[in-house]
Amino acid sequence: MIPMLLALFGTALQTPNVIWADAFEARESGILLGAAQTYQVWAWAELKDASEITLGTVTLSLAADPAQSGYQWKRAGTATLPQGKIGVALSSNVAAIALTTLDAFDPAKAAADMRVNDQPNAIGDGRASIDRDTNTLYTMTDFRSKEDWERFAAPLREKFLISCGLIPLPDRTPLNAKIEDVAKHPDYIVEKVSFEAYPGFLVTGNLYRPVGNGPYPGVICPHGHWATGRFENTETCSVSARCITFARMGMAAFSYDMVGYNDSHQFPKGWGHSGGNVSEETRRLEGLWGIHPFAMQLWSAVRALDFMESLPYVNKEKLACTGASGGGTQTFALCAIDDRVKVSAPVNMISHSMQGGCPCENAPIIRFNASNMEVGSLMAPRPMMMIAATGDWTRDTPTVEFPAIKSVYALYGAADNVESIQIDAGHNYNKDSREGVYRFFGKHLLGGDNWGNFTEPPFEMEAVDTLKVFPGEAAPEGYPAYEQIVARIKDSRRAKWAATLPKDAAGLETFRRVAQPALVNAMGLTLPNVGELNVRPVGKEERGDYTLVRLRIGANARKEALPVLLYVPASKAMKGTVVIAHGAGKAALADLENGGPGPLVKALLADGRAVLAFDAFLTGEHHAPGKRTDRLKKSFPDTFLPTDTAYCVQDTLTAIAYARGGEYARGPVDLIGIGNGGLWCAFAAAVDSEVRAIVVDANRFAADDDAAWAAGPYIPSIRSLGDIATALTLAAPRALAVFNATEAWLAAAQPYATITGKAADAVVVSGETTPESIVAALQ
């Protein structure tokens with residue numbers, strides 16, 4: 001059997017006769033003893049000072065030995081301990097402890113196959129301390145050609161779609177639009193509108209249009225985080241002034257509610273915006289399906305364009321969007337994914353120093369390698385006006401953001417299509433800002449030369465009660481509430497993705513073209529070339545039939561550092577290399593009782609295979625034995641950086657790249673995932689089609705349970721992308737074996753079974769992994 005993991009991090013391991021714990025784990029969690037008995041107690045300690053080990057009520061001491069340098073394993077004595085969990089206290093110079101019932105136990109010998117470092121240091125991976133969030137100062141990526149930019153832009157656009165559950169795109173269900181008169185003026189008309197972005201989910205707002213039959217340009221106007229939303233009418237911002245003026249100019253303008261504002265009652269305002277009491281668990285449960293405030297508002301904007309196109313007096317070829325603050329975010333987000341927007345004006349939002357402070361502006365995955373400068377550049381080469389202010393985070397726009405974005409426009413020969421003006425004011429969409437937009441929209445949507453000095457005429461906003469679609473503050477009767485809408489969207493996305501799963505080998509390649517990049521972008525993965533890796537030899541030990549090589553590998557650009565143990569048989573006649581990802585880290589593959597590799601590695605060596613074992617992100621030597629490595633906590637973490645699980649999948653890909661092309665490469669690469677490593681390997685093999693055979697320990701993971709995904713291997717939008725069904729399908733036509741599985745895994749393997757002609761219950765079994773079953777699966 002594979003040794004069991006006793007703690008979430010590090011190398012707290014046990015066999016029938018040995019319990020091994022790093023100091024930080026022992027201090028935090030204590031030790032669980034299976035039986036009351038007497039143990040020999042060993043400590044990995046720096047002996048220049050005396051040290052103490054307290055196990056429950058028993059305290060043992062190690063005398064100082066100044067002649068010894070560095071950390072050494074020393075026997076501290078024996079302790080008779082009760083069954084159950086006991087507390088542990090250790091001196092600061094103790095890095096690890098081992099308890100054993102074996103007289104001949106040698107922890108130093110066991111440690112040789114557990115660690116790359118012979119001293120208690122972390123491997124030096126820098127990802128846990130990356131400081132990247134909404135307030136980071138960003139530098140625009142340097143693009144030397146249009147092709148260079150477009151290679152970057154395509155996956156960035158796809159990240160927006162994936163994040164919001166829009167791959168594949170939802171059906172354009174009937175809008176069921178309702179339009180009612182509010183007021184008719186000599187030069188414009190005001191109406192109130194509702195339509196269904198999703199079945200039962202309403203978008204509410206007001207339509208301002210010229211008097212006449214058109215066709216007129218259409219402008220959608222997301223309002224931003226002003227106190228009264230689309231009803232804001234102050235010197236700082238007036239949404240009605242903007243829309244009335246657009247209508248008077250000869251454009252139809254639609255202002256609509258953000259989630260939770262004014263007439264949008266189906267979702268609580270606190271769900272969509274800062275200050276709400278939505279738990280992290282709820283955010284994750286919904287984020288698995290691409291459901292979050294940013295997504296609901298982005299799809300509402302897409303459907304707002306659909307609504308404008310449905311109006312007989314709107315010119316479908318002249319659609320535009322403008323909003324300020326959070327409405328500015330919605331503007332450039334919509335422009336990123338929908339090229340029907342021909343002209344835009346994001347106001348006071350594209351910044352190198354602040355990316356948005358609200359949940360509705362910080363969708364998962366969208367800023368892994370980009371800031372709002374690159375996102376804003378997705379508008380290129382379509383005309384865009386960037387309005388900035390001296391008194392907010394767009395204060396540097398004339399010297400930073402505008403030149404950066406203009407450089408992308410220049411790649412299309414369209415540098416004149418982007419303009420910027422800066423207003424001497426605080427955060428706003430005031431009269432001066434609006435007039436800059438009127439002139440730009442007049443130029444590009446209406447044509448003619450008479451817009452250069454256009455000013456906003458006096459206006460009068462309609463009474464709020466007449467503009468409201470629904471009276472009072474209650475949700476409209478007959479429409480679903482928030483929980484029902486979320487459930488319906490989940491069901492729709494589950495069915496939509498299931499319909500994309502291939503039914504035969506021919507359909508597999510079509511599916512692969514969609515699913516592989518979707519997984520890559522959802523997790524921020526890179527398929528590295530070995531030439532990109534920084535490989536640092538740490539040690540080499542000849543052991544007769546094989547050589548043990550200790551390495552530190554990783555891509556400097558990603559701040560990776562992976563501790564690797566590579567077992568290379570002396571025989572030149574080899575079947576290839578097996579990469580093993582163990583959820584407990586590579587130490588779980590060692591023979592704790594006798595030293596050397598454990599039974600699985602021994603069996604693979606005997607079968608003529610090299611073996612590469614590594615510690616994935618925040619496992620094993622990513623921690624110093626005396627101190628846990630904690631990931632830096634920042635706002636909206638999964639917006640700016642991959643999740644822990646995504647990093648572990650990346651580490652698996654990095655290990656595969658080295659096994660395939662490094663100095664000790666020995667033919668094709670097979671992949672084994674044990675414990676939590678099973679999922680990492682399933683996803684890694686899904687995106688790396690050159691892996692020859694895949695063995696996955698499903699670890700009894702409840703893959704059909706959102707709560708299990710949210711609490712453990714969280715990856716945004718992974719459920720909307722088919723999760724394990726997608727991963728297992730992409731393993732076809734290669735050899736695949738899944739052990740220790742639940743019924744959900746069996747169901748997920750059906751497309752793989754259909755494509756390969758194998759019975760699903762022969763591929764996926766409930767039995768646990770053993771060295772013999774794993775080796776047999778690789779044959």
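The values are calculated or read from the model by the stated rules, or taken from the named source; none is laboratory data. None of these values were measured; they are calculated from a predicted model. Counting neighbours? That spans all protein chains shown, and the Cβs are built from the backbone with ideal geometry, glycine included. Note: accessible area is taken over every heavy atom of the protein model, side chains too, but ligands, DNA and RNA are not part of it. Shrake-Rupley method; radii C 1.70, N 1.55, O 1.52, S 1.80 Å.
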Which of (1) touching a residue at least 40 places away in the same chain (Cβ under 8 Å); (2) part of a loop (DSSP other than H, G, I, E, B) does ARG395 not meet, given it meets every other one? (1)
For region 754-770, which positions are outside any loop (DSSP other than H, G, I, E, B), under 18 Å from ASP697 (Cα atoms) and not aliphatic (A, V, I, L, M)? ASP761
Criterion first (assigned to a helix (DSSP H, G or I) and out of contact with any Phe, Trp or Tyr (no Cβ under 7 Å at 6 or more places or on another chain)) does ALA154 satisfy it? yes
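I'd like the full set of residues that are open to solvent by 10 Å² or more (accessible area, probe 1.4 Å) and within 12 Å of SER344 (Cβ to Cβ), limited to region 382-409. Explain how you work it out, then say what you get.
Here is the first cut: in region 382-409, the residues open to solvent by 10 Å² or more (accessible area, probe 1.4 Å) are 382-383, 390-391, 393, 395-396, 398-400, 402-404, 406-407.
Those that are open to solvent by 10 Å² or more (accessible area, probe 1.4 Å) and within 12 Å of SER344 (Cβ to Cβ): ARG382, PRO383.
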Quick count over region 331-361, residues being open to solvent by 10 Å² or more (accessible area, probe 1.4 Å) and among the polar types (S, T, N, Q), is 1
Can you name the condition, by its number, that GLY224 falls short on among (1) assigned to a loop (DSSP other than H, G, I, E, B); (2) farther than 23 Å from VAL343 by Cβ? (2)
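Any residue that is in contact (Cβ under 8 Å) with a residue 12 or more places away in the chain, open to solvent by less than 30 Å² (accessible area, probe 1.4 Å) and more than 24 Å from TRP289 (Cβ to Cβ) - is there at least one of those in region 711-726?
Going through region 711-726, the residues in contact (Cβ under 8 Å) with a residue 12 or more places away in the chain turn out to be 711-726.
Filter once more, so that each one left must be open to solvent by less than 30 Å² (accessible area, probe 1.4 Å): 713-726.
If we keep only those that are more than 24 Å from TRP289 (Cβ to Cβ) as well, we get none.
No, because not a single residue in region 711-726 is in contact (Cβ under 8 Å) with a residue 12 or more places away in the chain, open to solvent by less than 30 Å² (accessible area, probe 1.4 Å) and more than 24 Å from TRP289 (Cβ to Cβ).
Taking the residues in region 307-330 that are part of a helix (DSSP H, G or I) and farther than 29 Å from ALA388 by Cα as candidates, determine which candidate is most open to solvent (accessible area, probe 1.4 Å).
The first filter runs over region 307-330 and keeps only residues part of a helix (DSSP H, G or I), leaving 307-310, 326-330.
This time we only want the ones that are farther than 29 Å from ALA388 by Cα, so: 307, 309-310.
On the way: PHE307: 1, GLU309: 50, SER310: 70 Å².
Here the residue is SER310.
Here are ASP651, ASP704, ASP670: which of them is open to solvent by 10 Å² or more (accessible area, probe 1.4 Å) and in the same structural domain as TYR567 (by the TED database)?
Working: ASP651 fails: open to solvent by 10 Å² or more (accessible area, probe 1.4 Å); ASP670 fails: open to solvent by 10 Å² or more (accessible area, probe 1.4 Å).
Matching residue, one of ASP651, ASP704, ASP670: ASP704.
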Screening ALA295, ALA336 for residues that are touching a Cys at 6+ places or on another chain (Cβ under 9 Å) and assigned by the TED database to the domain that holds PRO168 leaves only ALA295
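How about region 94-104: which of its residues are at pLDDT 95 or above and either touching a Leu at 6+ places or on another chain (Cβ under 6 Å) or open to solvent by 20 Å² or more (accessible area, probe 1.4 Å) (or both)? Outline the logic, then answer.
Initially, region 94-104 is screened for residues at pLDDT 95 or above, giving 94-102.
Correct list: THR101, LEU102.
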Residue by residue through region 199-252, note down the ones that are open to solvent by 10 Å² or more (accessible area, probe 1.4 Å) and among the β-branched types (Val, Ile, Thr). VAL211, THR228, THR234, THR236
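Let's see how each residue does on (1) outside any strand (DSSP E or B); (2) open to solvent by less than 30 Å² (accessible area, probe 1.4 Å); (3) in contact (Cβ under 8 Å) with a residue 12 or more places away in the chain:
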{"residue": "ILE19", "(1), (2), (3)": "no, yes, yes"}
{"residue": "GLU52", "(1), (2), (3)": "no, no, yes"}
{"residue": "ASP65", "(1), (2), (3)": "yes, no, yes"}
{"residue": "GLN72", "(1), (2), (3)": "no, no, yes"}
{"residue": "GLN119", "(1), (2), (3)": "yes, no, yes"}
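I need the full set of residues from region 407-421 which are of a type in the set (A, V, I, L, M, F, W, C) and either more than 17 Å from TRP149 (Cα to Cα) or touching a helix residue (DSSP H, G or I) at 6+ places or on another chain (Cβ under 7 Å) (or both), in order please.
First, pick out the residues of region 407-421 that are of a type in the set (A, V, I, L, M, F, W, C): 408, 410-411, 414-415, 418, 421.
Once the filter is applied, which keeps residues that are of a type in the set (A, V, I, L, M, F, W, C) and either more than 17 Å from TRP149 (Cα to Cα) or touching a helix residue (DSSP H, G or I) at 6+ places or on another chain (Cβ under 7 Å) (or both), region 407-421 yields VAL408, LEU411, ALA415, VAL418, ILE421.
Which members of region 75-93 meet the condition of being β-branched (Val, Ile, Thr) and either open to solvent by 20 Å² or more (accessible area, probe 1.4 Å) or in contact with a helix residue (DSSP H, G or I) (Cβ under 7 Å, 6 or more places away or on another chain) (or both)? Explain how you work it out, then say what you get.
Going through region 75-93, the residues β-branched (Val, Ile, Thr) turn out to be 78, 80, 86, 88.
Residues satisfying the conditions are THR78, THR80, VAL88.
Out of SER420, SER371, SER377, I need the residue that is within 23 Å of LEU319 (Cα to Cα), crowded, with 24+ Cβ neighbours inside 10 Å and of a type in the set (S, T, N, Q). Which one? So that I can check it myself, show each step before the final result.
Numbers: SER420 fails: crowded, with 24+ Cβ neighbours inside 10 Å; SER371 fails: within 23 Å of LEU319 (Cα to Cα).
Testing whether each residue is within 23 Å of LEU319 (Cα to Cα), crowded, with 24+ Cβ neighbours inside 10 Å and of a type in the set (S, T, N, Q) leaves just SER377.
Answer yes or no as to whether LEU551 is closer than 17 Å to VAL116 by Cβ and within 27 Å of the chain's Cα centre (by Cα).
Values: closer than 17 Å to VAL116 by Cβ: yes; within 27 Å of the chain's Cα centre (by Cα): no.
Here the answer is no, as LEU551 does not meet what is asked.
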